[in-house]
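Worksheet for the structure shown next.
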Amino acid sequence: MLADVGAVQLRVKGDRRATSVPLIVFGSITLIAAVIEPLADWAGTLALFLLAPVGFLSVALIYRRREIAFGMGGRERAYTVAAISTLLLLPILGLALGSYALVGIALIVIAMLQRNLQLAIWALVFGVVGGLEHLSLISNRLYSLADSLGIYRSNDGYFSWSSPLVFGILGLALMVGGLLAQHGERGSDG
């Protein structure tokens, strides 16, 4: 019986600190937006405007399903509130801050409510990198780096694909972080 109690404690701890779901969901959304962006400049931004609330709702539904299946959870309310808030605030604040920064702020608030340091760190990285790239601060440096290394020489001093590259790498990093977190969560399942 003590072994069962210990297994339940580990399961609850893993469930309380679940980080993988939001990282995988938002990594996928970021990757989709990065792939769509080269089609038209506004397509990636529009994709994120539409997919960010859907991402929060997806995480809420996954957590709700997990709560029903296993009898533990209860985190979906924060993600539902974030979905509604993002839907309302993204058109207004998303233009000023950048949609990635706004989603990062929402994830940081959720991480603080859950006392989830790992999610807070990833949300901070997501918000900062996305916010800086919203201002093209990272992609502008890519040209200088590639030019100095002799990798790619552009006549106009700009890569048309540099911003999607930054967001694609960010999306892949979130997905890898989510898969690593999922491995750790499964390890705490017993």
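Coupling constants for the stretch 100-105 follow from the phi torsions by the Karplus curve (6.51 cos²θ - 1.76 cosθ + 1.60, θ = phi - 60°), and in residue order they are 5, 5, 5, 5, x, 4 Hz; glycine and proline get x.
Between Asn140 and Arg186, the simple label model (points 7 Å from Cα in the Cβ direction) yields a spacing of 4.4 nm.
Read-outs throughout are calculated quantities, based only on the coordinates presented, and are distinct from any laboratory measurement. Computed from a prediction, not measured in an experiment: that's the story for all the values here. Backbone-built Cβ (ideal geometry, glycine too); neighbour counts: all protein chains shown.
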